[in-house]
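The values are calculated or read from the model by the stated rules, or taken from the named source; none is laboratory data. Please read these numbers as outputs of a predicted model, since none were measured by experiment. So basically every Cβ, Gly included, is an ideal-geometry build from the backbone, and we count neighbours across all protein chains shown.
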Amino acid sequence: MKPVNLKQLAGELNLSVATVSRALNDRYDISQPTKDRVRELARKLNYEPNPYASGLRRQQSKIIGVIIPEVANHFFSLVINGIEEVARANDYHVLFYLTHDDHQRELSVARLLANGRVEGVLVSVANDKQDFSHLEALQGRGVPVVFFDRVQEETTTAKVTTNDYESSYEATRHLIDNGCRTIAHLVVSKTLSIGKRRMQGYTDALKDSGIAYEEELVVYAQASKAQDIEAIQALLLKRPDIDGIFASVESLAMSSYEACRNLGLVIPTDIKVIGFSNLETASLLDPPLTTVTQPAYAIGQEAARILFQAIIKNTPIVATQSIELKSELVVRGSTVAEMVKL
């Protein structure tokens, strides 16, 4: 007997070939009774799908794309490891694209991925634009998209983030509780949600502690590390009364250390420093850096799990699948003087 194909199944059931294919692939848009009818007849006629033909029909590449702004930040290295673990478990490959925080690069990558090369995309957006139509266009082409860390709030899809507001509030209060009254805030972006939420946590902590917010104490990330250091030094020279620095990303915390060293400021005696960072060597710095440590590995895992659920089950990704994970404040010597051993 010749193998039974989709067309024969469709003829027997008086259904379209597309409907039969969707039913066999457990598509969300096919009713359960129809799925049951199709599967029962497929079993009865010993239908065996052709994996090669099925892959072509579904444009299955077994590849997902990941768009990230940088890799020097240890946070993204951990995220990548989490994504790859889930991808391997699902027998998928991962293509990584680095934007260097450049909107035009992100736009070019999105256009490349819209051609069907990948089955889904995980993205942490660049920080220099608010136009995300290129990512929405990916969704319009049927490519599922999940945001992580640096997200676009208005786009309707799942987002995996951390409790940025609460963590920033706690970090600022930690500086205040340890004697700081003039606290500089180093911000990654004016437009990204993480920048806005971390800024809000900072300003609310000041307000609740009876400390006035000063716009002059806010420094935004520059185009390079050298420029970041220069901007921080300029602020510290202009405002020698600054006794605390809260850096919203790892690179700005490192730049703060260099700026203080260049100016002869001793941490934590002259100035205390805290920052968002997943740096493995934070405890080895001199002094060890107090950090808000994000669950980066888990962020990668959860974002990938949401994406693969959509890919494998052929279901849409919805905003209600979004997850917010908790970061941890790890107190070290950059904000609290070490106890003197007797």
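Which of the residues spanning region 216-242 are of a type outside the set (Lys, Arg), closer than 28 Å to ASP102 by Cβ and in a helix (DSSP H, G or I)?
ALA226, GLN227, ASP228, ILE229, GLU230, ALA231, ILE232, GLN233, ALA234, LEU235
As an exercise: evaluate GLN301 against (1) within 17 Å of PHE76 (Cβ to Cβ); (2) buried (at least 24 other Cβ atoms within 10 Å of the Cβ) and give the number of the one condition it does not meet.
(2)
Could you tell me whether GLN222 is farther than 19 Å from ILE267 by Cβ and outside the structural domain of ASN127 (by TED's automatic domain parsing)?
When the stated conditions are applied, GLN222 passes them.
Failed condition for GLU216, given (1) closer than 27 Å to PHE75 by Cα; (2) surrounded by fewer than 15 Cβ atoms within 10 Å (Cβ to Cβ), with all others met?
(1)
What number of residues within region 125-139 are over 17 Å from PRO316 (Cβ atoms) and either modelled with pLDDT of 90 or more or not aromatic (Phe, Trp, Tyr) (or both)?
So the count comes out to 9.
May I ask you to verify whether PRO268 is over 28 Å from VAL71 (Cα atoms) and either surrounded by 15 or more Cβ atoms within 10 Å (Cβ to Cβ) or of a type in the set (A, V, I, L, M, F, W, C) (or both)?
Yes: the conditions hold for PRO268.
Considering each residue of region 282-298, count those that are within 18 Å of the chain's Cα centre (by Cα) and surrounded by fewer than 21 Cβ atoms within 10 Å (Cβ to Cβ), and give that number.
Selection size over region 282-298: 4.
Please determine, by comparing only the residues of region 263-281 that are within 24 Å of the chain's Cα centre (by Cα) and not in a loop (DSSP other than H, G, I, E, B), which one is farthest from PRO240 (Cα to Cα).
Looking at residues that are within 24 Å of the chain's Cα centre (by Cα) and not in a loop (DSSP other than H, G, I, E, B), I get PHE276.
Being touching a Lys or Arg at 6+ places or on another chain (Cβ under 8 Å) and closer than 14 Å to PHE276 by Cβ narrows it down to one of LEU175, LEU217, LEU186, so name that one.
LEU175
Quick one: would you say SER256 is in contact (Cβ under 8 Å) with a residue 40 or more places away in the chain, surrounded by 21 or more Cβ atoms within 10 Å (Cβ to Cβ), assigned by TED's automatic domain parsing to the domain that holds SER193 and touching a Leu at 6+ places or on another chain (Cβ under 9 Å)?
So SER256 passes the test.
Consider only pairs whose beta carbons are under 8 Å apart and that are at least six residues apart or on different chains; among these, list those whose first residue lies in region 164-189 and is more than 21 Å from GLU328 (Cβ to Cβ) and in the same structural domain as ILE271 (by TED's automatic domain parsing) and whose second residue is outside any strand (DSSP E or B) and small (Gly, Ala, Ser).
Listed by first residue and then by second, the contacts come to VAL187/GLY195; VAL187/ALA221; VAL187/SER248; SER189/GLY195; SER189/ALA221.
If GLU84 satisfies every condition in (1) surrounded by 19 or more Cβ atoms within 10 Å (Cβ to Cβ); (2) closer than 22 Å to LYS313 by Cα but one, which is the exception?
All conditions are met except number (1).
Is it true that some residue in region 231-246 is touching a helix residue (DSSP H, G or I) at 6+ places or on another chain (Cβ under 8 Å), modelled with pLDDT of 95 or more and within 21 Å of THR162 (Cβ to Cβ)?
Within region 231-246, one or more residues are touching a helix residue (DSSP H, G or I) at 6+ places or on another chain (Cβ under 8 Å), modelled with pLDDT of 95 or more and within 21 Å of THR162 (Cβ to Cβ).
Among (1) in contact with a Phe, Trp or Tyr (Cβ under 9 Å, 6 or more places away or on another chain); (2) modelled with pLDDT of 95 or more, there is one condition GLY210 misses while meeting the rest; what is its number?
If we test GLY210 against (1) in contact with a Phe, Trp or Tyr (Cβ under 9 Å, 6 or more places away or on another chain); (2) modelled with pLDDT of 95 or more, just (1) comes out false.
Every residue, every condition in (1) at pLDDT 95 or above; (2) surrounded by fewer than 22 Cβ atoms within 10 Å (Cβ to Cβ); (3) under 21 Å from LEU279 (Cβ atoms), yes or no:
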{"site": "PRO69", "(1), (2), (3)": "no, no, yes"}
{"site": "ASP102", "(1), (2), (3)": "no, yes, no"}
{"site": "SER108", "(1), (2), (3)": "no, yes, no"}
{"site": "VAL123", "(1), (2), (3)": "yes, no, no"}
{"site": "ARG141", "(1), (2), (3)": "no, yes, no"}
{"site": "PRO144", "(1), (2), (3)": "no, no, no"}
{"site": "THR156", "(1), (2), (3)": "no, yes, no"}
{"site": "ASN163", "(1), (2), (3)": "yes, yes, yes"}
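Right, THR203: within 20 Å of LEU175 (Cα to Cα), assigned to a helix (DSSP H, G or I) and in the same structural domain as ASN178 (by TED's automatic domain parsing) or not?
Criteria met by THR203.
Based on what the data block shows, is ASP204 surrounded by 14 or more Cβ atoms within 10 Å (Cβ to Cβ) and within 18 Å of ILE242 (Cβ to Cβ)?
No, not satisfied.
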